[in-house]
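One structure is given here, and the rest of the page talks about it.
Every number here is computed from the coordinates shown, using simple stated rules; none is lab data. None of these values were measured; they are calculated from a predicted model. Here the Cβ is made from the backbone with ideal geometry for all residues, glycine too, and neighbour counts use every protein chain on show.
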Amino acid sequence: MRLSRRAAGAAESATLRLSAELARRRRAGADIVNLLEGEADLPVPEKVKAAASRALAAGRTRYCPSSGLPELRAAIAAKLRHDNGVRASADGVLVTNGAKQAIYTALQTLCDPGDEVIVPSPYWVTFPEAVRLAGAKPVFVPAPGHDLDVDALGRALTSRTKAIILNTPNNPTGAVYSAVVLKDVAELARRRDLFIVADEAYEALVYDGREHVSVASISADAARRTVTVQTFSKTYSMTGLRVGYLAGEPDFVRAAARLHGHMTGNVCTVVQHAAAAALRLGPAYRARLRAVFERRRDLAYAAAGRVFDCLKPRGGFSVFADARRHLGGRFKDSAALSDHLLRRAHVAVVPGSACGMEGRLRISFSHSEKDIKEGFRRIEAAL
Ligand SMILES: Cc1ncc(COP(=O)(O)O)c(C=O)c1O
C-alpha cells in the first residue's frame, strides 16, 4: 500500500514508543521502574468518578454538541477568567480529547503549507510533529534554562512565521515563565502579528509558592492572538479519560470546531460530566496536589543531583538532567544511555534527543516516592 506522504513521514511519538517497550518488557516479567511519562499515579478524585458513574447511569451516553457540553464550556470559561485571568466566554471554548488534540487542532486551524512555527527547544515531543502534520515547518529556538530568550525568538522570525508555541510550566525543563517574559513575548507577537499557542497542561503544578501566568492574561491584544490549551489529564489524574480544551477568540474557536466536528465529533459525554465535576473541586484540591508533587520534585531533584547536573524544576512533572559527563565513552549519546538504563538498570526515562536536546535525560517525578527513590538508586548504581 502506498501511504500518504503525511502518514509515511510522521515520526512515532518517542514517549509512546518507549511506553510500549516498557509494557512489553513488563509483560515478559521484567521489574521496571517507570520514570517515563508525565502521568501521576494518583486516583481520579472520588467526586469526579461519582459524576461519571451518575452520567452513565442516567443514560448521558448520546452524542452531544461537538464543541462540548454547554455547561462544561461555560464552567471552563469561568475557570479561565477566575483562575487564570483570561478573558474567556463559553463560545470561545472547544472541548477536546486532551491537550494533545487541542494543540493538533489549533495548528490545523492556523497553519498553511510553507508557514513556520517557532518551537522553543527542548520541547514536548509532540510539538514538532503536530506542526509538520499541519503542513508547516517547526523552527527551533534554544531555551534550555528557566528563562526564555525573547530576543532569540525575535531573531528566528521570518515573513513566513505564523505562530509561537509557548509551553509554561515547561515539559521537559520545568521552567515557569514570568509575567515579564510573557509580556515581552506578547509584545513580539503584537509587533509581528503572530499567534501564540500556549500549552498550559501543567498550570496547576507550580512549586515554591510560584504562580502560573497565562500569556492570554497579559493584555487584551495577547488574549486575541492566543490559543490557550489546558487539560484535565495532569491536574485531576484523568490521563486515560482524554479531556482537555482550547480557548481563544470565538471566531477562531468556531473555525477549529468545524475541523473538530469532522475529525472526532464530541468528546465522550460521560467524561465531560466528570470534567465538569472536577472543576467544582475548588482550590483546596489544587493546593494538596501541589504539595504532593513539590515533595516528589524535591526528592527527584536531590537524587538527580548526585549523578547529573540539573536545574531545579519550578513546575511540571520532570527533571531535565544534564547527563553529558556520562556520555562520549561507554554511552555514545542520550539514546544509548536511556537504552542502557532500560535494559540493564530497568528504569525507563526519555532521552533528551527525543525532546530536541542531546546530552540530557528527561526523568519524570510524577510517579510514587517509592518509585522515584528506587529509580534513582538504580540509575546511580548503573552509572
Ligand atoms: C506539555 C504537554 N502538553 C500536552 C500534553 C498532553 O496532555 P493530554 O493528556 O491532555 O493530551 C502533555 C502530556 O504529556 C504535555 O507534557
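General remarks:
- For the chain, size of Cβ-based charge dipole, Lys and Arg +1, Asp and Glu -1, in debye: 860
- Geometric extent, Cα atoms of the chain - Rg, Dmax (angstrom): 20.3, 62
- In Hz, Karplus ³J(HN,Hα) per residue of the range 313-326 (6.51, -1.76, 1.60; θ = phi - 60°; x = Gly, Pro): x, 9, x, x, 10, 9, 9, 9, 8, 7, 9, 4, 5, 9
- Ranking 56, 231, 310 by how far each Cα lies toward the positive end of the dipole of the chain (charges on Cβ) leaves 56 at the top.
- Of all DSSP beta bridges in the range 62-281, antiparallel share, percent nearest 5: 30
- Put in order of Cβ neighbour count within 10 Å, fewest first, the listed residues 6, 360, 296 become 6, 296, 360.
- For the chain, the residue among 274, 301, 28 whose Cα projects farthest onto the positive side of the dipole built from Cβ charges is 28.
- Set 49/373; 79/183; 312/370; 100/312; 47/100 screened for pairs whose C-alpha atoms are more than 28 Å apart: 49/373
- Among 174, 261, 85, residue whose mean-square fluctuation peaks in a GNM of the chain (springs only between Cα atoms under 10 Å): 261
- Where both bridge residues fall in the chain, DSSP classifies roughly 45% of the beta bridges as antiparallel.
- Separation of alpha-carbon centers, the range 73-109 and the range 125-140, rounded to whole Å: 21
- Karplus-derived 3J(HN,Hα), 6.51/-1.76/1.60, for each residue of the range 352-365, Hz, glycine and proline x: x, 4, 5, 9, x, 9, 5, x, 10, 10, 9, 10, 7, 10
- Among 23, 257, 99, the residue with the largest mean-square fluctuation in a Gaussian network model of the chain, with springs joining Cα atoms closer than 10 Å, is 23.
- Converting phi to 3J(HN,Hα) with the Karplus coefficients 6.51, -1.76 and 1.60 and the offset θ = phi - 60°, the range 212-228 yields 6, 10, 7, 4, 5, 8, 5, 6, 4, 5, 4, 4, 5, 9, 10, 9, 8 Hz in sequence order, with x at every glycine or proline.
- Amide H contacts of residue 118 (H built 1.01 Å from N, under 5 Å, at least 5 apart or other chain): 139, 162, 163, 164, 165
- Largest-first principal axis extents, alpha carbons of the range 147-224, Å: 39, 26, 19
- Equivalent ellipsoid semi-axes - Cα gyration tensor, the range 62-281, angstrom: 26, 19, 16
- Max mean-square fluctuation residue, GNM over the chain, Cα-Cα springs under 10 Å, options 130, 336, 274: 336
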